[in-house]
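The values are calculated or read from the model by the stated rules, or taken from the named source; none is laboratory data. It should be emphasised that the depicted structure is a prediction, and the values quoted were computed from it without experimental measurement. Every residue, glycine among them, receives a Cβ derived from its backbone with ideal geometry; neighbour counts consider all protein chains shown. Ligands, DNA and RNA are stripped out before the accessible areas are found, and what is left, the full protein with its side chains, is counted by its heavy atoms. Shrake-Rupley method; radii C 1.70, N 1.55, O 1.52, S 1.80 Å.
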Amino acid sequence: MKPADVKPTVLFAAALLFASCTALASTERASFTVTSDPGVEIAVREVVDPTVPPVGHPVILLHGARVPGVPSFDLEVTGGSLAADLAASGLAVYIVDLRGYGASTRPAAMNAPRHPAEPLVRTGAAVRDLAAAVDAVLTRSGAEQVAILGWATGGHWAGAYAALVPERVSKLVLYNALYGYTSDHPTIGRGSRVADPNDPERFNIERFQNYRLNAADSLLPGWDRSIPIDDKAAWRAPAVAEAYVEAALDSDPTSEQRDPPSFRAPSGAMADSFLLATGAALWDARLIAADVLVVRSEIDFWSRPEDVTLLSAHLGARDRGQLRVVEIPQATHFVHLDRAERGRDAFLQAVTTFLVE
């Protein structure tokens, strides 16, 4: 399937710029928790804009493998809040932290020193947490279905949930997400730092252990390397980068107890991503009933063109639900946090149009 043309019109680009500049000022936020498994509380942040008429189903934003929801989707700087920009279109937005991330309950083992044991928070636990959040959002909003946008591993979790509980999801955005079935992935597959150096078929548990510690200096290098120009500030606003790092560290109340400060993240997401990157099939897109938007950044280092090809084949084979595929030219893995002209406007146009229409 040929990717859609997502170059924004002049009027749409102007509207996005205005919305981005004003959304932070007009949005309202509320936080609540919902119980998943016994003793596991999942944190949810609601973001709405009461100045615009409500549209569409409530939208859940789901973070990736390392950085939790608020740093990923709701930075308090211009161009840093996908949640506020979607809310400016009339959508009710809910940012979810899965267990082990952000303001949600962390497994007890994350309060002890790291060690090479079973990676914490695998796909099954993540899907249970998402299910609890969906139930809470439906109760709170009175809606019968939700839309879900998952970024990177968040797209994997969202797809797995939508395949298991198809009746609850009206629209699904898979944003730079892995799907599996193909085995060549230079970044997180065989031969990468994610593979066991003594056995390329196994996850590198000695390196990642049961959970990871992430200092400030670990957050931007991958983003920097993916930006195809030397002047990173011309591609990504320095204020956004600074806010991203600060919010990630602030997401863990224990970060200042370590030198250097660092936030904890479960390693289960990386273990399951390694499986996807080496050919495993952890869920089947053919079971999804929702309309689906597959978004891929052209120079993404996480998802692969093969993921989009297979997703398109499986989603296109269904007898229900519509499929739309968008590739954003010369865009990075972090396109929703890059500058407007570096793909962010195109991303917002594609996602907002899909969710609102």
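Annotations for the structure displayed:
- Total residues in segment 265-304 satisfying the condition of being assigned to a loop (DSSP other than H, G, I, E, B) and open to solvent by 10 Å² or more (accessible area, probe 1.4 Å): the figure is 14.
- Checked against the criterion of being within 26 Å of ASP307 (Cα to Cα), basic (Lys, Arg) and surrounded by 13 or more Cβ atoms within 10 Å (Cβ to Cβ), the candidates ARG212, ARG190 yield just one match: ARG190.
- All positions within segment 101-148 that are under 20 Å from ASP272 (Cα atoms), charged (D, E, K, R) and within 20 Å of the chain's Cα centre (by Cα): ARG106, ARG122, ARG128, ASP129
- Residue among ARG339, ARG318 that is closer than 20 Å to ARG168 by Cβ and either surrounded by fewer than 18 Cβ atoms within 10 Å (Cβ to Cβ) or at pLDDT 95 or above (or both): ARG318
Results for (1) in contact with a Leu (Cβ under 8 Å, 6 or more places away or on another chain); (2) modelled with pLDDT under 95; (3) under 26 Å from PRO107 (Cβ atoms), shown as yes or no for each residue.
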{"residue": "ILE188", "(1), (2), (3)": "no, no, yes"}
{"residue": "GLY191", "(1), (2), (3)": "no, yes, no"}
{"residue": "ASP196", "(1), (2), (3)": "no, no, yes"}
{"residue": "ARG202", "(1), (2), (3)": "no, no, yes"}
{"residue": "ARG207", "(1), (2), (3)": "no, no, yes"}
{"residue": "ASN210", "(1), (2), (3)": "yes, no, yes"}
{"residue": "LEU213", "(1), (2), (3)": "no, no, yes"}
{"residue": "LEU219", "(1), (2), (3)": "no, no, yes"}
{"residue": "SER226", "(1), (2), (3)": "no, no, no"}
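- Meets criteria (among the acidic types (Asp, Glu) and farther than 30 Å from ASP196 by Cβ) for GLU327: yes
One line per residue, one yes/no per condition, for (1) farther than 25 Å from ASN204 by Cβ; (2) β-branched (Val, Ile, Thr); (3) open to solvent by 30 Å² or more (accessible area, probe 1.4 Å); (4) in contact with a Leu (Cβ under 6 Å, 6 or more places away or on another chain):
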| site | (1), (2), (3), (4) |
| --- | --- |
| MET110 | no, no, no, no |
| VAL121 | no, yes, no, no |
| VAL137 | yes, yes, no, no |
| GLY155 | no, no, no, yes |
| ALA158 | yes, no, no, yes |
| VAL165 | yes, yes, yes, no |
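- If you go through segment 139-156 and keep only what is assigned to a helix (DSSP H, G or I) and touching a strand residue (DSSP E or B) at 6+ places or on another chain (Cβ under 6 Å), you end up with GLY154, GLY155.
- Flag if ARG106 is of a type outside the set (Asp, Glu) and not in a loop (DSSP other than H, G, I, E, B): no
- Close contacts from segment 224-241, counting a first residue that is within 18 Å of THR78 (Cβ to Cβ) and a second that is open to solvent by 50 Å² or more (accessible area, probe 1.4 Å) and among the hydrophobic types (A, V, I, L, M, F, W, C), with Cβ to Cβ under 7 Å and a gap of 6+ residues or different chains, come to TRP235/ILE229.
- Residues of segment 330-357 that are touching a residue at least 40 places away in the same chain (Cβ under 8 Å), in a loop (DSSP other than H, G, I, E, B) and either more than 20 Å from GLY64 (Cα to Cα) or among the aliphatic types (A, V, I, L, M) (or both): GLN330, ARG339.
- Pairs where the first residue, in segment 201-219, is hydrophobic (A, V, I, L, M, F, W, C) and the second is assigned to a strand (DSSP E or B) and at pLDDT 95 or above, C-beta under 6 Å, 6+ apart: LEU213/SER262; ALA215/SER262
- Flag if VAL59 is β-branched (Val, Ile, Thr) and at pLDDT below 95: no
- Only listed residue being outside any helix (DSSP H, G or I), at pLDDT below 95 and either of a type outside the set (D, E, K, R) or within 27 Å of PRO266 (Cα to Cα) (or both), chosen from PRO54, PRO8: PRO8
- Yes/no for LEU323 being open to solvent by less than 30 Å² (accessible area, probe 1.4 Å), in contact (Cβ under 8 Å) with a residue 60 or more places away in the chain and touching a Gly at 6+ places or on another chain (Cβ under 7 Å): no
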